[in-house]
Each structure stands twice: as structure tokens, then as C-alpha cells.
Amino acid sequence: MTVGILLDETELEGTPRSVGVARRFVRDTLGAGHPVLDDVTLLVSELVTNALAHSGSGLDGGIIRVGIGELPGRRLHVVVVDDGSPYAIPRPRTAKPVDENGRGLAILQSLAKRWGTYRDGTRRVVWFQVDFREQGAHG
């Protein structure tokens, strides 16, 4: 059994303003010098944006929960929980160069070591893991 440490969690309002709040939450939780701060910030921003656009979280009164934990072996585990949707579990798609949207899950696939999604009752959970090395570590 792999046991991790919860670093922090937050609940966000289902409004576009919460994308920026989520980015600040990641920065405040991990700290400015964390080796994967930029990647995790980008991924959380993409997932919160997706939750607003494709789930009940973007409706009046909707919420999004974000949690960040650390697993043994220098791995972050991040969870974004939205209010769910009657549609299928999200799947990456191929965006055309002229498309303004549709790259979030492809970015997730390329930056995360592992990721997945599942339903928790009516809510949808998207999680990802990112490995990191301590600053100054080599090899």
C-alpha cells in the first residue's frame, strides 16, 4: 500500500476566476522553488478550466476541489474533483492547429507520469502524478 502525505487541498467556486485562484493555490502549496511548479500549475489550470467547461461545476453554485499530496519516491499526486457530467469520462482528443481548445488532456498526457479519471458518485475525479528531483540533484 502506498501512503502519501496531503500537502493541502482547497475548494473553489465554479467561476472562471477560480482558474487563477487554482494557480495561486499550487504556487502557495509547492513554493516558488519547487522543481515541477510550472508543470503542476499548468496541469491544474487546464483541469480546472475543463471542469468549468465540461461539468456541473461551471453552473451557478458549482464547485471544484483540488488536492495536492506527495507520495514516496519524490512523486506528487494531484486530484481535481468536479460536479460531474452526464457525458463520458474525458478522453484526450487531437486538436487542429487552428482550434482554440482541445489540448488540455493532451498536455496532461505529455507532462504527467501517470493520470486517470473515475466517478465518485455524481462527481468526476481527474488525477495525475508528476515525478520530481530535488533542486541540485543530478542523475
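The values are calculated or read from the model by the stated rules, or taken from the named source; none is laboratory data. Small disclaimer: the values here were computed from a predicted structure and weren't measured. Cβ sites come from the backbone with ideal geometry, for glycine too, and all protein chains shown count toward neighbours. Heavy atoms of the whole protein, side chains included, go into the accessibility calculation; ligands, DNA and RNA do not. Shrake-Rupley method; radii C 1.70, N 1.55, O 1.52, S 1.80 Å.
I'm trying to understand the selection: among the residues of segment 38-53, which are in contact with a strand residue (DSSP E or B) (Cβ under 8 Å, 6 or more places away or on another chain), of a type outside the set (S, T, N, Q) and open to solvent by 20 Å² or more (accessible area, probe 1.4 Å)?
Asp39, Leu52
Mind checking which residues of segment 14-37 are in contact with a helix residue (DSSP H, G or I) (Cβ under 8 Å, 6 or more places away or on another chain) and either exposed (fewer than 11 other Cβ atoms within 10 Å of the Cβ) or in a strand (DSSP E or B) (or both)?
Scanning segment 14-37 gives a single hit, Gly31.
Any idea which of Gly73, Gly67, Gly84 is surrounded by 14 or more Cβ atoms within 10 Å (Cβ to Cβ), at pLDDT below 95 and small (Gly, Ala, Ser)?
Checking each option against the conditions leaves just Gly84.
Can you name every residue in segment 54-64 that is surrounded by 17 or more Cβ atoms within 10 Å (Cβ to Cβ) and part of a helix (DSSP H, G or I)?
Within segment 54-64, Gly56, Ser57, Gly58 meet the criteria.
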